[in-house]
Amino acid sequence: MTNPLIRYPGGKHRLATMIENLLGQSNGIYYEPCVGAGGAFFGRKVRPRSAVLGDRNPRVIGLHTAVRDQPAAVVEALALLPSAGITPTLYEQLRAEHNDGEHAGPTFAARMIWLSRAGFNGLHRENKAGELNVGWGQRPRLTLPSAERVHAVSAALAGVELVCVDFVALLSSARPGDLYYLDPPYLGGFTAYTAGQFGREEHDTLAQFARLAARKGARVLVSGYAGGETAAAYAGSRVVWRGAVGHSISADGSRREQRGEAMYLWAPERRSGVTRG
Ligand SMILES: C[S@@+](CC[C@H](N)C(=O)[O-])C[C@H]1O[C@@H](n2cnc3c(N)ncnc32)[C@H](O)[C@@H]1O
């Protein structure tokens, strides 16, 4: 178990153990098609024998790939970035380099980690062109992750397949015994993780492919708001957990919401037996 290197709105690190327990263990492949910062994956107690992590955001996958393959170079690149005397101009310069430059490699990864710490409230928000548009967090000093942290995250990613694809591509690969955890942008909530929409249509598609995956023998657990349109889109699943999690949903943090949250499960017929939602 380790902590993600970047902060992410809706990150699931605190819920990781519960998610792991709800999914159970298996010898199949563990898939996380909307991995983001990896809160649920890095927080697991048991490393899956085989794992595939995906996200449609190429920067997220570029970050995890660089940390997995070149941790020492990421540490070196982090050491070159300032941790004191940070000004809005400096922040904007590094943000522009992040938006204009390549989405791969240790320099890119270190800069993304730095921006996540220096930006406002750890919010990762992109505009329609896929550019990070979070403002400066107004802290002239910041603490960057230690070399040990970077190497621990790299070790957790060793042997893990990382892919920049739509969630459908991974849900379509389901085989008996596979485990899926999906944490998509919530329906009616914050969706600016990456360019591209995630509305009712995408949630309906997710439900359709989750049902098919369960028919093939996989277990599929999905996070979302409790009740309302999400429950309607996910009809046919079972609600296996309910809670309330706060989301910071605006750039200036002024709109902080507490909404009911739920975990929806699609499972092969024989594994049923949890609360019907
Ligand atoms: C709520 S965040 C995941 C947070 C993650 N559980 C964590 O702990 O950091 C949702 C993620 O879904 C990704 N995403 C959005 N649309 C997607 C799509 N169509 N296919 C795959 N990933 C997508 C976003 O880029 C974002 O990283």
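What follows is calculated from the coordinates using simple rules that are stated; it is not laboratory data. It should be emphasised that the depicted structure is a prediction, and the values quoted were computed from it without experimental measurement. Glycine also receives a Cβ, built like all others from the backbone with ideal geometry; neighbour counts cover every protein chain displayed.
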query = Any idea what angle helix 88-100 forms with the longest principal axis of the chain, computed on alpha-carbon atoms, 0 to 90 degrees, nearest 10?
reply = 50 degrees
key: Cβ-based charge dipole, the chain, positive-most Cα from Tyr8, Gly101, Pro88   = Tyr8
task = Using the Karplus curve 6.51 cos²θ - 1.76 cosθ + 1.60 with θ = phi - 60°, work out ³J(HN,Hα) for each residue of region 37-44 in order, rounded to whole Hz, and write x for Gly and Pro.
result = 6, x, x, 6, 5, 5, x, 5
ask   = Based only on the alpha carbon positions, what is the Kirkwood hydrodynamic radius of region 70-169, in angstrom?
value = 14.6 Å
task = Report, for the chain, the % of DSSP beta bridges that are antiparallel, rounded to 5.
result = 60 percent
task = Tell me what the chain gives for mean residue ellipticity at 222 nm when only DSSP H runs of n ≥ 4 count, each as -39,500 (n - 2.57), the sum divided by the residue total, rounded to 500 deg cm²/dmol.
result = -10000 deg cm²/dmol
ask   = So how many Å³ per residue does the convex hull of the Cα atoms of the chain work out to?
value = 111 Å³
remark   = Note: Met1 to Glu229 extended length (0.36 nm per residue) minus current alpha-carbon separation gives 78.7 nm
task = Starting from the Cα of Lys12, draw a straight line to each of the aspartates and glutamates and keep only those under 17 Å, dropping any in the same chain fewer than 8 residues away.
result = Glu20, Glu32, Asp55, Asp183, Glu257, Glu261
request  = Tabulate in residue order the Karplus-calculated ³J(HN,Hα) for region 114-125, using 6.51 cos²θ - 1.76 cosθ + 1.60 with θ = phi - 60°, rounded to whole Hz; enter x for Gly and Pro.
outcome  = 4, 4, 5, 7, 8, x, 5, 6, x, 7, 9, 9
note = Reduced to Cα centres, the span from region 17-93 to region 161-228 in Å works out to 19 Å
inquiry  = Restricting to Cα atoms and excluding each atom paired with itself, what does the Kirkwood estimate give for region 112-190 in Å?
reply    = 16.2 Å
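Explain nothing, just the number: dipole magnitude of the chain about its Cα centre with +1 on each Lys and Arg Cβ and -1 on each Asp and Glu Cβ, in debye rounded to the nearest 20.
Approximately 980 debye in magnitude.
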request  = Using only Cα atoms, figure out Rg for region 22-101 and give it as a multiple of 2.2 N^0.38 Å.
outcome  = 1.42
query = How big is the equivalent ellipsoid of region 51-96 along its three axes, where each semi-axis is √(5λ) from the Cα gyration tensor, reported in whole Å from largest to smallest?
reply = 25, 16, 6
ask   = Mind checking the angle between helix 147-157 and the chain's longest principal axis? C-alpha axes, 0 to 90 degrees, to the nearest 10.
value = 30 degrees
